[in-house]
Amino acid sequence: MNSLDRIQKIIKVFKILTNIAMIFAYVCAGLLLVTAILMANNSSYQIIADSAPEMFADIDRNKTIAEMLCEFVVCLTDGLLLTFTQLYLKHELEDGTPFTNKGANEIKGLGIRLIILPLVAIGIISAICAMFNAELPKTMSNELSISFGIALIIISIIFRYGAELESKVRENNDMKQGE
């Protein structure tokens, strides 16, 4: 088994894991949004609160709705990033190699999205917290996302270089066959 075959097997595993994580992120986002809407609806909230008054006695409704909406934004952002990752992995498997110009462009785009989308999410979360007069979540760090984004941009340069090398090898083989 050569190195490219190993890469393709690893990509297949990552594609499966990414698909599972993507579905999970979207399901969580949907459940959080539905729950936040139900909590915001007075009659729905009252029915739930009356059914278990001891559980709901200490709950700040606005704060809870804000937390759910913030988590919805996080899950939706993760789902979108995983969708873009899924598309890249699908195209890489179709191409049979990560060393293509198209693949390099896609991985660079994924790196840029990995930097920008979480920043946009933080802005939306800040607006939600301001709207509900709630505190910002304490775990809004973005360093890891930025680091991975930069790493993917660097990897895209390596993949583009690999695509150039493959192109040169093909050209040399075509010239030798033409002689």
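Let me have the relative contact order for the chain, percent, based on Cα pairs under 8 Å that are six or more residues apart.
Values: 156 pairs, mean separation 46.5, N = 179.
The value is 26 percent.
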### Query
Based on the Cβ-Cβ distance from Glu143 to Asn172, what FRET efficiency comes out when R0 is 30 Å, to the nearest 0.05?
0.10
### Query
Using alpha-carbon positions, what is the distance between the centroids of the stretch 55-128 and the stretch 141-179, in Å?
25
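What is the percent carbon and sulfur in the accessible area of the chain, measuring with a 1.4 Å probe over the protein chains and ignoring ligands?
On the way: 7630 of 11560 Å².
The nonpolar share, carbon plus sulfur, comes to 66 percent.
How high is the relative contact order of the stretch 93-164, in percent, with contacts defined as C-alpha pairs under 8 Å that are six or more residues apart? Write out the running numbers ahead of the final one.
On the way: 60 pairs, mean separation 42.5, N = 72.
Computed value for the stretch 93-164: 59 percent relative contact order.
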#### Entry: Per-selection metrics, the chain (Cα): Rg and Dmax in Å
23.0, 87
### Extension gain (nm, one decimal) between Asn2 and Ile23, 0.36 nm per residue minus Cα-Cα
4.3 nm
### Message
Please compare each pair in Lys63/Lys138; Lys15/Lys102; Lys12/Lys102; Lys90/Lys176 to a cut-off of 22 Å on the Cα-Cα distance and tell me which ones are over it.
### Response
Lys90/Lys176
### Task
Mind checking which of Ala130, Ile59, Ala163 is farthest towards the positive end of the chain's charge dipole, using Cβ charges of +1 (Lys, Arg) and -1 (Asp, Glu) about the Cα centre?
Ala163
### Summary
Expected unfolding gain across Leu165-Ala151 under the 0.36 nm per residue rule, minus the alpha-carbon gap, is 2.9 nm
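The values are calculated or read from the model by the stated rules, or taken from the named source; none is laboratory data. The structure displayed is predicted, hence computed values, not measured ones. Using ideal geometry, Cβ is built from the backbone for each residue, glycine included, and neighbour counts are taken over all protein chains shown. Keep in mind that these areas ignore ligands, DNA and RNA; they rest on the heavy atoms of the full protein, side chains included. Shrake-Rupley method; radii C 1.70, N 1.55, O 1.52, S 1.80 Å.
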